[in-house]
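Contents: one structure, followed by commentary.
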Amino acid sequence: MIKYFDENSIKYDNWYESHRKEYGDQVEFIGGRLPSGMGVEIGVGTGRFASKLGIKVGVDVSEKMLSIASKRGIFPIMASADHLPFISGYFDFSIFIVTICFLDDPVSSLREARRVSRTVISVLIEAGTEYSMKLQREKKGFYAFARFYTEDEVVGMYEKAGMKVLKSEFSDLYSDGMRYRLRYIEGS
């Protein structure tokens, strides 16, 4: 998976250029809920979201993606989500933006995010919508590596990671004419 993301980092980044409305809707939805303070985006990719949301530190496993993120003013850290190179409690919040679906062990990653921050946020494309089912069925591109989850499944992951969910909100958005649910889950 890392090799695929490295080899397709520009293609990934360009997707946002050809889907400006969807990207803008996502940034608006997330930005309206984000807590204040110093945050880290785990699975920062090319820094598209972090740069718009005022998040200055980004973690990813893809060197090429981090290179693009750094050009957007993000301080890049190459590390995996389940082994973060930060002292405990360093950040006010950590956020996974459409990242949980790509992780081998989401519970360990959530637990590690909780170790380095007071609040842990997950933004996901929720399972069960027309769009997520299409992506799951086709198994093409970046989403060939994804596993989508329901709200209940992610809440269960938070509980297994020793956290309590404080907030869960959603917005129904559209991509390529198909509805999908963008879910925001915040826990501590």
**Prompt:** Among the listed residues K71, K52, K64, K21, which satisfies the condition of being farther than 18 Å from N8 by Cβ, more than 15 Å from the chain's Cα centre (by Cα) and among the basic types (K, R)?
**Reply:** K21
**Prompt:** Quick one: which of I95, I121, I185 is in a strand (DSSP E or B), out of contact with any Gly (no Cβ under 9 Å at 6 or more places or on another chain) and of a type outside the set (D, E, K, R)?
**Reply:** I185
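Yes/no per residue for (1) surrounded by fewer than 21 Cβ atoms within 10 Å (Cβ to Cβ); (2) closer than 22 Å to Y149 by Cβ:
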site: M1; (1), (2): yes, yes
site: E7; (1), (2): yes, no
site: S18; (1), (2): yes, no
site: I30; (1), (2): yes, yes
site: I55; (1), (2): no, no
site: G73; (1), (2): yes, no
site: A81; (1), (2): no, yes
site: R114; (1), (2): yes, yes
**Request:** Pick out the one residue from S122, S132, S117 that is in contact with a Phe, Trp or Tyr (Cβ under 6 Å, 6 or more places away or on another chain) and at pLDDT below 95.
**Result:** S132
**Prompt:** When you go through D6, D25 one by one, which is the residue that is of a type in the set (D, E, K, R) and over 20 Å from G141 (Cα atoms)?
**Reply:** D25
**Message:** With assigned to a helix (DSSP H, G or I) and crowded, with 19+ Cβ neighbours inside 10 Å as the only criterion, which of S108, S132 stands out?
**Reply:** S132
**Message:** Being modelled with pLDDT under 95, surrounded by 18 or more Cβ atoms within 10 Å (Cβ to Cβ) and either among the β-branched types (V, I, T) or in contact with a strand residue (DSSP E or B) (Cβ under 8 Å, 6 or more places away or on another chain) (or both) narrows it down to one residue among Y174, Y180; which is it?
**Reply:** Y180
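I want to confirm something. Restricting to the stretch 135-155 and keeping residues that are outside any loop (DSSP other than H, G, I, E, B) and over 19 Å from Y12 (Cβ atoms), which single residue is modelled with the lowest pLDDT?
Taking the stretch 135-155 first, the residues outside any loop (DSSP other than H, G, I, E, B) are 135-138, 141-145, 151-155.
Within this subset, residues satisfying the condition of being over 19 Å from Y12 (Cβ atoms) are 137, 151-155.
Numbers: R137: 86, E151: 97, D152: 97, E153: 98, V154: 98, V155: 98.
So the residue we want is R137.
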**Message:** For the stretch 111-141: of the residues being in contact (Cβ under 8 Å) with a residue 40 or more places away in the chain and among the acidic types (D, E), which is farthest from E153 (Cα to Cα)?
**Reply:** E130
**Request:** Please specify each residue of the stretch 144-169 satisfying the condition of being buried (at least 16 other Cβ atoms within 10 Å of the Cβ) and in contact (Cβ under 8 Å) with a residue 40 or more places away in the chain.
**Result:** A146, F148, Y149, V154, M157, Y158, A161, M163
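The values are calculated or read from the model by the stated rules, or taken from the named source; none is laboratory data. Note that the structure is a prediction, hence the values are computed from the model and not measured. All Cβ positions, glycine included, derive from the backbone under ideal geometry; neighbour counts span all protein chains shown.
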